[in-house]
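Okay, so here's the structure we're looking at.
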Amino acid sequence: MGQRPVAVRPVAERPAPRPAVSFLTVAEVAGIMRVSKMTVYRLVHGGELSAVRVGRSFRVPEPAVREYLSEARTDVA
């Protein structure tokens, strides 16, 4: 008996791997920035610091904290 031809399936392209982003709690961000949790909440609600809502709490991407701090720097004469 002859062999049946094997159907070649197209290879599904995988999306490019995204870099892992670590998320911080509001308390962790407050500790890093040395401010109160309320200050972090104000920054998040005011749109100055990006965050993701998880249930009833917020998680702040670590790069967002670094970006905020780098933009908040001022040179003192």
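Read-outs throughout are calculated quantities, based only on the coordinates presented, and are distinct from any laboratory measurement. Bear in mind that the values here come from a model prediction, so they are computed numbers and not experimental data. In this analysis, Cβ positions are derived from the backbone assuming ideal geometry, glycine residues included, and neighbour counts consider all displayed protein chains.
Below, the figures for the structure above:
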item: Selection from the range 32-56 of residues that are part of a helix (DSSP H, G or I) and in contact with a helix residue (DSSP H, G or I) (Cβ under 8 Å, 6 or more places away or on another chain); result: Ile32, Met33, Lys37, Thr39, Val40, Tyr41, Leu43, Val44
item: Selection count where residues are hydroxyl-bearing (Ser, Thr, Tyr), touching a residue at least 12 places away in the same chain (Cβ under 8 Å) and surrounded by fewer than 15 Cβ atoms within 10 Å (Cβ to Cβ), scope the range 51-77; result: 1
item: Scan of the range 18-28 for residues that are hydrophobic (A, V, I, L, M, F, W, C) and in contact with an Asp or Glu (Cβ under 9 Å, 6 or more places away or on another chain), ordered by number; result: Val21, Phe23, Leu24
item: The range 33-52, residues that are basic (Lys, Arg) and farther than 13 Å from Leu69 by Cβ; result: Lys37, Arg42
